[in-house]
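Here the structure is laid out as structure tokens; the discussion comes afterwards.
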Amino acid sequence: MQPELPSLKGVALAKGFGEGEIRTTALKDVSLELYRGQLALLMGPSGSGKSTLLAILSGLLAPDSGQVLTITDDGKYQDVWSMTPKQREKYRLNECGFIFQGYNLFPALTARQQLEIVLRWGNGATYREARKRSEEMLSLLGLGAKMHLKPAQLSGGEKQRVAIGRALIKNPRFCFADEPTSALDWHHGEQVIELLRAAAHERGATILVVSHDARILNYVDTSFHMEDGRLLENAEPSAKPTPVSAGMWRSA
């Protein structure tokens, strides 16, 4: 059952790029609601505005108009885009996890160090705790034998799994994933979606995934569809997800 109040709301969001005759409109009056414990999917053709909406909801890209409202511990809403830059940076650091289509890994760090740095700097974990949790997460993602390698030594799919582990390692309240399975075969893609679903269902995170992969529909709690910068529908998936494996997060 969904909580009474959404954990995150986009209200009348609009965004355009460029000036004059070359200006293009990416979002046109888009509103949506996301809930705690929910894995949501945002689909639509290329150029429909999906990634722009994801960036605005996650506090990375300012809208031209509209609000992004996140619920506080006392049940009130705060507009992400009314925060000061420092407040917004702290919000992203403490509350959000990001999975970028381009991975955004640090070239000089090993796979394990990519995760450790999040726990050391973002969560204040000890060196020993950060190493233990990072190794457990990478093992869960099938990268136990490659955690000592740097990004240049990893395949695209392996880099994507490192990026996913980095986003989830700090147990974020919100997680925003842009095409998280695009570089993966379906075996690993399914594993990643189940991990994201577990973060929602077992840890109460709010997860929003942008993807072209229709196979993900069978694993999500709700889906949205965009075309030409507008949100066309909000429909329940045709099939409900199978139960998450017990203890999925036990070693994470």
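With the structure loaded, tell me whether V30 is buried (at least 18 other Cβ atoms within 10 Å of the Cβ), farther than 21 Å from A199 by Cα, more than 17 Å from the chain's Cα centre (by Cα) and touching a residue at least 40 places away in the same chain (Cβ under 8 Å) or whether it fails that test.
Criteria met by V30.
Examine region 85-96 for a residue that is touching a residue at least 60 places away in the same chain (Cβ under 8 Å), within 30 Å of Q67 (Cα to Cα) and not polar (S, T, N, Q), and state whether such a residue exists.
Yes - at least one qualifying residue is present in region 85-96.
Kindly check whether there is at least one residue in region 166-174 that is touching a helix residue (DSSP H, G or I) at 6+ places or on another chain (Cβ under 6 Å), touching a residue at least 12 places away in the same chain (Cβ under 8 Å) and in a helix (DSSP H, G or I).
Yes, the conditions are met somewhere in region 166-174.
What number of residues in region 123-146 are surrounded by 18 or more Cβ atoms within 10 Å (Cβ to Cβ), touching a residue at least 40 places away in the same chain (Cβ under 8 Å) and outside any helix (DSSP H, G or I)?
Adding up the residues that qualify gives 1.
Taking the residues in region 170-209 that are polar (S, T, N, Q) and surrounded by fewer than 23 Cβ atoms within 10 Å (Cβ to Cβ) as candidates, determine which candidate is nearest to L143 (Cα to Cα).
Step by step, filter region 170-209, then rank; the result is Q191.
Do the conditions hold for G102, that is, is it on the phi > 0 side of the Ramachandran plot and either under 19 Å from the mean Cα position of the chain (by Cα) or open to solvent by 30 Å² or more (accessible area, probe 1.4 Å) (or both)?
So G102 does not fit the description; no.
Show the residue pairs meeting these rules: Cβ distance below 8 Å; 6+ apart or different chains; first residue within region 102-113 and under 19 Å from P180 (Cα atoms) and in contact (Cβ under 8 Å) with a residue 12 or more places away in the chain; second residue crowded, with 19+ Cβ neighbours inside 10 Å and of a type in the set (D, E).
A111/E158
Given the residues A177, A163, which is the only one that is assigned to a helix (DSSP H, G or I), under 26 Å from G37 (Cα atoms), aliphatic (A, V, I, L, M) and under 16 Å from the mean Cα position of the chain (by Cα)?
None of the others qualify; the one that does is A163.
Restricting to region 147-169, count the residues that are farther than 21 Å from L196 by Cβ and open to solvent by less than 20 Å² (accessible area, probe 1.4 Å).
So the count comes out to 1.
Tell me the residue from E89, E116 that is over 21 Å from T181 (Cα atoms), in a helix (DSSP H, G or I) and open to solvent by less than 50 Å² (accessible area, probe 1.4 Å), please.
E116
Note down all Cβ pairs under 9 Å where the first residue falls in region 56-73 and is free of Cβ contacts under 8 Å to residues at least 12 places away in the same chain and over 14 Å from F176 (Cα atoms), the second is surrounded by fewer than 20 Cβ atoms within 10 Å (Cβ to Cβ) and not small (G, A, S), and they're at least six residues apart or on different chains.
T72/Q78
Yes or no: T52 open to solvent by less than 30 Å² (accessible area, probe 1.4 Å), among the polar types (S, T, N, Q) and in a helix (DSSP H, G or I)?
It is true that T52 is open to solvent by less than 30 Å² (accessible area, probe 1.4 Å), among the polar types (S, T, N, Q) and in a helix (DSSP H, G or I).
Listed residues S7, S58, S46; which is loosely packed, with under 13 Cβ neighbours inside 10 Å and under 20 Å from the mean Cα position of the chain (by Cα)?
Result: S46 is the single residue among S7, S58, S46 that is loosely packed, with under 13 Cβ neighbours inside 10 Å and under 20 Å from the mean Cα position of the chain (by Cα).
The values are calculated or read from the model by the stated rules, or taken from the named source; none is laboratory data. These numbers come from a predicted model, not from an experiment. Please note: Cβ atoms are built from the backbone with ideal geometry, for glycine as well, and neighbour counts cover all protein chains shown. Each accessible area value is taken on the protein alone, full model and side chains, heavy atoms only, with ligands, DNA and RNA left out. Shrake-Rupley method; radii C 1.70, N 1.55, O 1.52, S 1.80 Å.
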